[in-house]
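Chemist: Below is one structure. I have some questions about it.
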Amino acid sequence: MMINCYYYAPHVHSTISRHLEWDFAKMADMGVDVVSICIQETHLNCHSDGIGAWHAQRVRNVRDLAHKHGLKIHAVPNRWAGLTAGWIEGFNHFTVQHPDTFSLNEDGTVVDLNEMPSSVCHPKVIAHFETFIPKLFNDFGFDGLVWDEPHAHPCFNPEAIKLRPSDADPADWYYSKFAEFVNRMSGLAKQCHSSAVVSLFIQPGQEVLFDRLLDCEHLDFIGSDGHVRRSDYKMHRMKGTIFDVYQKVNPKIVEKGRKSMFLMEAQRHRDEDLAHYLEVAGEAFRLPMDQLMFYYSAHEMTPANEAIFNEHTWKLIAEIAQQGVKKA
């Protein structure tokens, strides 16, 4: 089983190298195989004068430190064209600069104002991804990538309408086009780096899209994230639980003969959630799967409780890495 640590965005804050060294050494000691970090478009872009973005060397430093400790490093395309999730405060320029690419509702309004995703049918979006994905591998030396919660909605962008057959269901058709886009871009990653590992997880409630994504030949791992909580436990932020979504999508993964991955969604648990997390985390983390992804830390807890959360999580990971968890 692959163990993947979601490390979010250590390269855009003031975390100094000796602290990164400690974290990567800790991950390696636990038995982690991969560390994944969010990459914004601005991390890869150059200024108009040709000078590289100030983040570039920082990204390379994080890569080198991960490799030094025997960890593979995977990029999480962060909010690219509004089509993926990732680091919450992440911001990219593409959708601001290209509002003509927005996914539109049937009445012409922009889909989901919180994300403002572009349409994968638009040539500008395709060209944008085809420019930036090679940078991940050719310029920055990543070992793989993770598609975090793809944002696909039935789309009435003019470019989509031109392509869609008149008798096609808009939602069904667009989900299929979205899956084709993901597969194409995943294939591009493998062209850039022959041993690149490509993973994707949906968020609970995206099961219709998930059915289309299951047929993407260039995805090595596919699955979902989910809250590490029981269904009857209420939190400040409610998302489907890892237990519920596992029961929904894992049988489909097994039936298709694909490799599974699940992200333990716990980085936004708060102090009042700690006792429940400690109660259920072991059962959640030990669900049979091919890739286990987890957050290194919870960032909405007070320091004392964060320490308890982290030590419990890290102990679980070490035990699972040592014992292994067989696929269902």
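Chemist: What percent antiparallel are the DSSP beta bridges of the chain, to the nearest 5?
Modeler: Details: 3 of 41 bridges.
Taking every DSSP beta bridge within the chain, about 5 percent pair in antiparallel fashion.
Chemist: Using mean Cβ contacts within 10 Å as the protection proxy, how do 213-225, 181-193 order, highest first?
Modeler: Descending mean neighbour count gives 213-225, 181-193.
Chemist: Expected output is a single nm value to one decimal: the length gained when fully extending between Glu300 and Asp112, i.e. 0.36 nm times separation in residues minus the C-alpha distance. What is it? Don't skip to the answer; put the middle values down first.
Modeler: On the way: separation 188, 0.36 × 188 = 67.68 nm, distance 2.55 nm.
Result: 65.1 nm gained on full extension.
Chemist: Let me ask another. Quick one: which residues, 5+ away or cross-chain, put their amide H under 5 Å from the amide H of Ile222? H built at 1.01 Å from N.
Modeler: Leu200, Lys259, Ser260, Met261
Chemist: Given charges of +1 on the Cβ of Lys and Arg and -1 on the Cβ of Asp and Glu, with all other atoms neutral, how large is the dipole of the chain about its Cα centre, in debye to the nearest 20? Please report the intermediate quantities before stating the final value.
Modeler: Values: 32 positive and 43 negative charges, 144 e Å.
For the chain, the charge dipole is close to 700 debye.
Chemist: Check cross-link reach from Lys315 to the lysines: straight Cα distance under 20 Å, and skip same-chain residues fewer than eight apart.
Modeler: Lys26, Lys326
Chemist: Per-residue ellipticity at 222 nm for the chain, helices alone: DSSP H runs ≥ 4 residues times -39500 (n - 2.57), over residue total, nearest 500 deg cm²/dmol? Walk me through the intermediate numbers first.
Modeler: Values: 11 runs with 131 residues, N = 328.
Roughly -12500 deg cm²/dmol at 222 nm, from the helical runs in the chain.
Chemist: If you wrap a convex hull around the C-alpha atoms of segment 87-197 and split its volume per residue, what is the figure in Å³?
Modeler: Working: hull volume 12.5 nm³, N = 111.
Hull volume over Cα atoms, normalised by residue count, gives 112 Å³.
Chemist: Moving on. Would you please report the Å³ per residue occupied by the convex hull of the alpha carbon atoms in segment 113-264?
Modeler: Working: hull volume 20.5 nm³, N = 152.
Value for segment 113-264: 135 Å³ per residue.
Chemist: Apply the Debye scattering formula to segment 175-320, with a single equal point scatterer on each alpha-carbon and no solvent, then give log10 I(q)/I(0) at q = 0.21 Å⁻¹.
Modeler: -1.22
Chemist: Moving on. Where nothing but the Cβ of Lys and Arg (+1) and of Asp and Glu (-1) is charged, how large is the charge dipole of segment 260-313 around its Cα centre, in debye to the nearest 20? The partial results should precede the final answer.
Modeler: On the way: 3 positive and 10 negative charges, 29 e Å.
With only Lys, Arg, Asp and Glu charged at Cβ, the dipole is about 140 debye.
Chemist: Still on this structure: For the chain, build the charge dipole from Cβ charges (+1 Lys, Arg; -1 Asp, Glu) around the Cα centre, then report which of Asn61, Thr15, His151 sits farthest towards its positive end.
Modeler: Sorting the options by dipole projection puts first Asn61.
Chemist: Let me ask something else. His312 versus Leu278, label points 7 Å from Cα toward the beta carbon: distance in nm?
Modeler: Result for the modelled spin labels: 0.6 nm.
Chemist: Per-residue counts of other Cβ atoms within 10 Å, averaged by peptide: what ranking do you get for 120-127, 92-99, 173-180, highest first? Intermediate results must be reported in sequence, preceding the final value.
Modeler: Working: 120-127: 18.4, 92-99: 15.1, 173-180: 20.1.
With the highest mean Cβ count within 10 Å placed first, the list reads 173-180, 120-127, 92-99.
Chemist: If you don't mind, another one. List the aspartates and glutamates whose Cα sits under 14 Å from the Cα of Lys259, skipping any in the same chain fewer than 8 residues away.
Modeler: Cα-Cα hits under 14 Å: Asp215, Glu217, Asp220, Asp290.
Chemist: Sticking with this one: Using just the C-alpha positions of the chain as equal point scatterers, what log10 of I(q)/I(0) does the Debye formula give at each q in 0.11, 0.12, 0.15 1/Å?
Modeler: Those come out to -0.70, -0.84, -1.32, one per q.
Read-outs throughout are calculated quantities, based only on the coordinates presented, and are distinct from any laboratory measurement. Computed from a predicted model, the values in this text were never measured in an experiment. Backbone-built Cβ (ideal geometry, glycine too); neighbour counts: all protein chains shown.
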